[in-house]
């Protein structure tokens, strides 16, 4: 693949605009599609504990970029109402088109001003308090640190049994088709330097849920070091992901990626 170069260390290229206190800054990237029911809890976290949780990992929270992916409910209105009273909140509003999670993530990364980006789900199913685990992996030399629900020390709370089984089957298929050795490509909790994220996403061909696989395949092909870290994951029954239909489409996308990338 072209365009992505391996840094000399996990922190290379990510310290040019560190905060005044010398700590690296972090942009939180949160895609949102029809999330009026779950946004209040996110906004509460941003107003109360987010900065402290990020600081506990050795970063300064530069911003929380909530990217609206063509919502048809009150998501945009809620963000507009909340932004004046949330100094770290920045809403990214597209043209109203629902393009997919990957496209929303790419739009957020493109606007990120922090040294690092943390990709996360709007329900914070993996709490921000898990960030230090990923931060330690970066400090130890990884270029990208990803949360995993499939390792021995992972904790998955309240996830339906059929979703767990489908997740394991999907990841086996991903490993077979792509050669990636990762056990969980789809956990939404991922940390990396903003420059690396931008380069990987610049060539995005899968704007939907398969973007994780594409991004990690491109990183792997570029020789970047990916650390998979066990995290806590709390399933939200209000998730808008439809496991069966989404998994089928994702497998088709991965098969195409295996040929192209």
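Tabulated data for the structure shown
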read-out	value
Counting DSSP beta bridges with both ends in the chain, the antiparallel % (nearest 5)	20
Hypothetical label at residue 152: residues of the stretch 103-134 whose amide nitrogen lies under 18 Å (7 Å Cα-Cβ projection)	none
Cut-off 13 Å (backbone N to label point 7 Å along Cα→Cβ of residue 234), residues of the stretch 25-42	41-42
138, 232 arranged by Cβ crowding within 10 Å, fewest neighbours leading	232, 138
Inter-label distance for residue 110 and residue 173, nm, one decimal - labels placed 7 Å from Cα along Cα-to-Cβ	3.0
Residue 166-residue 36 pseudo-label distance in nm [points 7 Å out on the Cα-to-Cβ vector]	2.6
Computed E for residue 258/residue 45 - FRET, C-beta separation, R0 41 angstrom, nearest 0.05	0.65
Full-extension gain in nm, residue 93 to residue 77, via 0.36 nm per residue minus C-alpha separation	4.7 nm
Calculated semi-axes √(5λ) of the Cα gyration tensor in Å (choose from [x] 32, 21, 18; [y] 25, 23, 18; [z] 38, 19, 15), label	[y]
Which of 233, 116 has the fewest Cβ neighbours within 10 Å, and the rest in rising order	233, 116
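Just so you know, all these numbers are worked out from the coordinates, no wet-lab data involved. The structure presented is a predicted model; accordingly, all values stated were derived computationally and were not measured. Cβ coordinates were reconstructed from backbone atoms using ideal geometry, including for glycine residues, and neighbour counts include every protein chain displayed.
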